[in-house]
Amino acid sequence: MARKGSGIVQTFTGAQVLLAAGQEETTVTIADGRIAEIGGPVRGERIDATGLILAPALIDVHGDAFERQLMPRPNVFFPVEAALIDTDRQLAANGIATAYHAVTLGWEPGLRAVSRGRAMMEALLALTPRLTVENRVQLRWETFAHEEAADTIAWALGTDLKPSIAFNDHTSMTMRAFDTSIQDRAFEHDPDFRTASLDDDRLKQRTAGHAKRAGLEDGEYLALLRRVWARRDDVPGDIAKIAAMGRDHGAPMLSHDDTRAETRAFFRDIGAHVAEFPMVIEAARAARAAGDTIVFGAPNAARGGSHIGSLGAGDMVEEGLCDALASDYFYPSLLAAIARLDAEGRADRPALWSLVSAGPARAMGLDDRGTIAPGKRADLVLIDWPGGQTPAITGTWVAGRCAYRALTAG
């Protein structure tokens with residue numbers, strides 16, 4: 001169904017347009033929600049973009065900053081509809097026209113419980129006519145949570161949310177041996193994967209933050225972890241079942257936090273062709289050698305490195321081992337990351353911008369957006385980016401409809 005405003009004809013004039021081949025001043029005309037012409041005469045309403053950059057709108061393949069709206073303080077939950085409307089407006093103001101909300105479907109109660117994820121997705125569907133950007137979901141599935149999440153995954157795959165599936169195993173990460181860093185851990189289903197003892201007092205300290213998020217006492221959380229860890233032998237088969245559901249629905253699938261080439265191969269073999277946040281160079285290079293898509297966190301790039309000691313996203317961009325950036329836990333990080341990488345000269349600007357537009361579009365199989373070209377969906381942003389200064393989004397268009405417009409004091 002066409003959305004309000006999609007039939008309007010508009011021409012952007014005076015902007016430096018970020019095209020795949022480079023940046024140039026030209027006109028861009030949009031009509032019926034798509035890009036109709038580049039470099040032609042003014043048609044319809046004229047949008048004077050003199051002094052601004054016109055670029056493809058951002059696509060976010062993994063963002064969980066919405067959790068701050070749902071739970072602004074520990075175990076203080078906000079009405080989901082109000083939280084999602086605010087999140088949607090944040091996305092528009094940050095130039096994100098397509099967002100995959102990383103909705104955790106896990107075995108913990110609290111913020112990341114399956115019931116809360118289901119409620120959020122149901123609310124998104126109901127709110128769609130009132131939202132400004134395209135809100136999709138990433139089914140961020142914890143692989144030890146098959147019995148809790150399988151029915152919800154099956155339901156979500158049949159909805160208009162058009163989800164992706166990300167395979168997460170924070171359970172094995174939590175249970176790794178105490179002398180093993182998260183980056184050094186082996187493939188989780190390797191018989192030689194070394195684990196901690198559930199009776200070791202150090203495990204209480206390791207899981208304290210998880211317990212707080214789940215709203216449980218430390219002892220309660222460890223008792224739950226013990227019951228869940230007993231499922232370990234069933235997990236590979238459960239992964240195969242969920243992957244088959246994803247393939248049947250044509251859902252993009254991702255593996256999360258890979259630390260071995262073996263890990264990447266396992267998930268590639270079941271149809272997960274996107275490596276999300278590989279933690280070590282071995283995994284990133286294995287992904288590249290096999291033609292997989294590689295995603296890193298934009299906060300990593302914006303801050304100049306990983307906050308947990310994993311690979312630096314900027315270095316991976318420079319080495320050709322990054323195809324897309326994701327907002328992860330902070331929506332403004334996408335634009336901030338491009339600004340820093342541009343200032344550091346990690347690649348030319350069109351190549352850098354593809355990390356938040358064309359690259360994510362390819363990763364998610366979105367052939368209709370991600371570049372400024374005739375026939376593509378008119379998902380566009382206007383950027384105020386004075387030389388040497390911090391860029392800011394001043395306008396966001398989604399399928400030709402203005403979702404956000406900022407008129408500055410200057």
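Values for this structure:
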| quantity | calculated |
| --- | --- |
| Residue match in segment 361-374 (condition: touching a residue at least 40 places away in the same chain (Cβ under 8 Å) and among the polar types (S, T, N, Q)) | yes |
| Residue match in segment 54-65 (condition: over 23 Å from the mean Cα position of the chain (by Cα) and assigned to a loop (DSSP other than H, G, I, E, B)) | no |
| One residue from ARG89, ARG3 being under 20 Å from TYR404 (Cβ atoms), of a type in the set (D, E, K, R) and modelled with pLDDT under 95 | ARG3 |
| Sole exception among (1) surrounded by 19 or more Cβ atoms within 10 Å (Cβ to Cβ); (2) closer than 29 Å to GLY33 by Cβ for GLY51, by number | (1) |
| Selection within segment 271-304 - part of a loop (DSSP other than H, G, I, E, B), of a type in the set (A, V, I, L, M) and within 21 Å of the chain's Cα centre (by Cα) | ALA272, MET279, VAL280 |
| Hits in segment 66-81 (condition: outside any loop (DSSP other than H, G, I, E, B) and either touching a Pro at 6+ places or on another chain (Cβ under 7 Å) or touching a residue at least 12 places away in the same chain (Cβ under 8 Å) (or both)) | PHE66, GLU67, GLN69, LEU70, VAL80, GLU81 |
| Residue within segment 97-104 that is out of contact with any Phe, Trp or Tyr (no Cβ under 6 Å at 6 or more places or on another chain), surrounded by fewer than 20 Cβ atoms within 10 Å (Cβ to Cβ) and among the β-branched types (Val, Ile, Thr) present | no |
| Residue in segment 355-380 that is farthest from the chain's Cα centre (by Cα), counting only those that are of a type in the set (Lys, Arg) and within 12 Å of ILE35 (Cα to Cα) | LYS376 |
| Residues located in segment 396-410, provided they are over 18 Å from TYR100 (Cα atoms), touching a residue at least 60 places away in the same chain (Cβ under 8 Å) and assigned to a loop (DSSP other than H, G, I, E, B) | GLY400, ALA406 |
| Search result, residues across segment 129-158 that are under 19 Å from HIS170 (Cβ atoms) and either charged (D, E, K, R) or outside the structural domain of ALA272 (by TED's automatic domain parsing) (or both) | ARG140, GLU142, GLU147, GLU148 |
| Residue among ILE393, ILE383 that is outside any helix (DSSP H, G or I) and under 20 Å from the mean Cα position of the chain (by Cα) | ILE393 |
| Residue that is part of a helix (DSSP H, G or I) and among the small types (Gly, Ala, Ser), where the choices are ALA361, ALA347, ALA373 | ALA361 |
| Pick from segment 153-188, criterion among the polar types (S, T, N, Q) and over 16 Å from MET120 (Cβ atoms), ranking: surrounded by the fewest Cβ atoms within 10 Å (Cβ to Cβ) | SER181 |
| Scope segment 319-341; condition in contact with a Pro (Cβ under 7 Å, 6 or more places away or on another chain) and either outside the structural domain of SER354 (by TED's automatic domain parsing) or of a type in the set (S, T, N, Q) (or both); matching residues | SER333 |
| Segment 197-216 - residue that is part of a loop (DSSP other than H, G, I, E, B) and more than 31 Å from the chain's Cα centre (by Cα) and, of those, surrounded by the most Cβ atoms within 10 Å (Cβ to Cβ) | LEU198 |
| Within segment 289-311, tally of residues that are within 18 Å of THR259 (Cα to Cα) and at pLDDT 95 or above | 10 |
| Close pairs from segment 275-288: first β-branched (Val, Ile, Thr), partner not in a helix (DSSP H, G or I), Cβ under 7 Å, at least 6 apart | VAL280/GLN183; VAL280/THR259; VAL280/LEU311; ILE281/LEU311 |
| Condition check for LEU91: within 20 Å of the chain's Cα centre (by Cα) and either farther than 30 Å from ASP384 by Cβ or outside the structural domain of ALA211 (by TED's automatic domain parsing) (or both) | no |
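The values are calculated or read from the model by the stated rules, or taken from the named source; none is laboratory data. Just so you know, these numbers come straight off a predicted model, no measurement behind them. Because the Cβ atoms are built from the backbone with ideal geometry, glycine has one as well, and the counts that use them run over all protein chains shown.
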